[in-house]
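For reference, the structure is listed below as C-alpha cells.
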Amino acid sequence: MNDDQLNELFRAARTSRPDTSRAEYGFETRLLAAIREVRNQPTPWATVAWRLMPVFAAIVVVTGAWSYNVQSQMAAEATLGTGDEAAFAGLFGGE
Amino acid sequence: MSAQIDEPTDQRLIQSTLAGDDEAFATLVARHKRKIFGIAARFARNDAELQDICQEIFVKAYLKLKSFRGEAPFEHWLSRIAVRSCYDFLRATRHDRENVPLDGIELGTQPSGNAEHARELLQWAMNRISDDQRLVITLLELEERSVRETAELTGWSESNVKVRAFRARQALKRILETSHER
C-alpha cells in the first residue's frame with residue numbers, strides 16, 4: 001500500500017462520520033444525575049491528603065526550626081560548659 | 001424593539017455553574033456536546049462506550065471548571081479534556097481491541113467506493129497500532145486538525161507529533177498490506 005492509497009482510505013473514512021444522535025439523546029439529564037452522584041460521594045482520602053499538604057509542609061518547617069533551635073542551644077551550653085571548666089582550672093590550679 | 005433574546009456566553013454560563021446553577025452547565029453541555037461526541041466517536045466501538053467516554057469528559061470538565069481561566073475559548077479547553085480522556089480510554093481498552101477479528105470487513109475493494117467500509121477497515125487497522133499513534137492519526141487525518149492543534153490538544157511537541165504521525169502511517173501501511181495478502 002502506498003501513501004496515495006492510504007490518503008484515499010483516510011478521505012473515505014472522513015466522509016463517514018459516525019451517527020451520534022442516539023447517544024446524544026437525553027445526555028444532559030443523565031450527565032446531571034452523574035454529577036450529583038459524584039458531588040455526593042465522600043471525599044477520597046488521597047484528595048484530603050493533597051488538600052492538607054500545606055498543613056503538613058508547615059508542620060515540617062516548624063518542627064525543623066524548633067529542632068535546629070534546640071540543637072543550637074545545646075551546642076552553646078556545651079561550649080559554655082567547657083569554658084567554665086577551663087576558667088575553674090585556671091583559678092584553682094587545675095587538679 | 002427586537003424580540004431576539006441574546007444567548008448567554010460560555011463565560012456567563014461558567015460563572016452561573018460555579019455559583020451552583022446546574023441548568024447553566026446543562027446549557028453549556030448542549031452547546032458543545034456535538035463536537036465532543038464527534039471526537040469520542042472516533043474511538044468508541046458502540047453507543048454505550050461513546051456515552052461513557054462523553055460522560056467522563058463532561059464530569060471532568062465540571063469538576064475542573066474552577067481552573068478554567070478563559071485565556072482560550074471554552075471549546076478548546078473542553079477539547080483538550082476530551083482528547084486526554086479518549087487517550088486514557090484507548091489505553092484502558094487496548095487488550096480488548098487487539099483481539100477483534102477482521103470478520104465481515106472485506107479487503108481489496110476500493111475504499112472510496114464505500115465510506116463505511118473504509119471507516120471499519122481503518123478502525124480495524126488502527127486497533128493494531130500504538131495508542132499514541134492512533135490518537136495522532138485520528139486528530140490529523142480524520143479530524144483534519146493541524147500539527148499545531150494536535151500538539152496543543154495532546155500536550156506533545158510539534159516535532160513529536162510529526163514523528164508519531166510518520167510512524168503511524170508506516171505501521172498502518174504495513175498492517176493493511178499484510179492483511180491484504182492473507
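Run B:Glu75 past the list (1) assigned to a helix (DSSP H, G or I); (2) in contact with a Phe, Trp or Tyr (Cβ under 9 Å, 6 or more places away or on another chain); (3) touching a residue at least 24 places away in the same chain (Cβ under 8 Å) and report the number of the one that doesn't hold.
Only one criterion in (1) assigned to a helix (DSSP H, G or I); (2) in contact with a Phe, Trp or Tyr (Cβ under 9 Å, 6 or more places away or on another chain); (3) touching a residue at least 24 places away in the same chain (Cβ under 8 Å) is unmet by B:Glu75, namely (2).
Pick out, from the range B:124-182, the helices (runs of 4 or more DSSP H) lying fully within it that include 3 or more residues that are over 19 Å from the mean Cα position of the chain (by Cα).
B:158-181
Regarding A:Val38, is this residue facing another protein chain (nearest Cβ under 7 Å) and of a type in the set (Val, Ile, Thr)?
yes
I want to confirm something. Restricting to the range B:8-32 and keeping residues that are among the small types (Gly, Ala, Ser) and more than 25 Å from the chain's Cα centre (by Cα), which single residue is modelled with the lowest pLDDT?
Step one: of the range B:8-32, the residues among the small types (Gly, Ala, Ser) are B:16, B:19-20, B:24, B:26, B:30.
With more than 25 Å from the chain's Cα centre (by Cα) added as a condition, the list becomes B:16, B:19-20.
Values: B:Ser16: 94, B:Ala19: 94, B:Gly20: 91.
Among those residues, the one meeting the criterion is B:Gly20.
Which residues, counting only those in the range A:12-22, are in a helix (DSSP H, G or I) and crowded, with 17+ Cβ neighbours inside 10 Å?
Scanning the range A:12-22 gives A:Ala12, A:Ala13.
The rows are residues; the columns are (1) at pLDDT below 90; (2) within 14 Å of chain B (Cβ to nearest Cβ); (3) surrounded by 11 or more Cβ atoms within 10 Å (Cβ to Cβ).
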site	(1), (2), (3)
A:Leu6	no, yes, yes
A:Phe10	no, yes, yes
A:Glu24	no, yes, yes
A:Thr43	yes, yes, no
A:Ala57	no, no, no
A:Val60	no, no, no
A:Ala65	no, no, no
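Condition check ((1) aromatic (Phe, Trp, Tyr); (2) over 21 Å from A:Pro18 (Cα atoms); (3) modelled with pLDDT of 95 or more) across all residues:
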{"position": "B:Phe58", "(1), (2), (3)": "yes, no, yes"}
{"position": "B:Glu71", "(1), (2), (3)": "no, yes, no"}
{"position": "B:Leu90", "(1), (2), (3)": "no, no, no"}
{"position": "B:Val100", "(1), (2), (3)": "no, no, no"}
{"position": "B:Gln110", "(1), (2), (3)": "no, no, no"}
{"position": "B:Ala118", "(1), (2), (3)": "no, no, no"}
{"position": "B:Leu122", "(1), (2), (3)": "no, no, no"}
{"position": "B:Met126", "(1), (2), (3)": "no, no, no"}
{"position": "B:Arg148", "(1), (2), (3)": "no, yes, yes"}
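Do you know which residues across the range B:139-169 are at the interface with chain A (Cβ under 10 Å from one of its Cβ atoms) and either loosely packed, with under 15 Cβ neighbours inside 10 Å or not aliphatic (A, V, I, L, M) (or both)?
B:Glu141, B:Glu143, B:Glu144, B:Arg169, listed by residue number.
Quick one: how many residues across the range B:48-74 are under 22 Å from A:Leu32 (Cα atoms) and surrounded by fewer than 14 Cβ atoms within 10 Å (Cβ to Cβ)?
Number satisfying all stated conditions: 5.
How about the range A:12-22: which of its residues are facing another protein chain (nearest Cβ under 7 Å) and of a type in the set (Gly, Ala, Ser)?
Within the range A:12-22, A:Ala12, A:Ala13, A:Ser16 qualify.
Suppose we filter the range B:15-44 for residues that are facing chain A (nearest Cβ under 10 Å), basic (Lys, Arg) and touching a residue at least 12 places away in the same chain (Cβ under 8 Å); how many remain?
The total comes to 2.
The values are calculated or read from the model by the stated rules, or taken from the named source; none is laboratory data. As the structure is a computational prediction, the values presented were derived from the model and not from experiment. Glycine also receives a Cβ, built like all others from the backbone with ideal geometry; neighbour counts cover every protein chain displayed.
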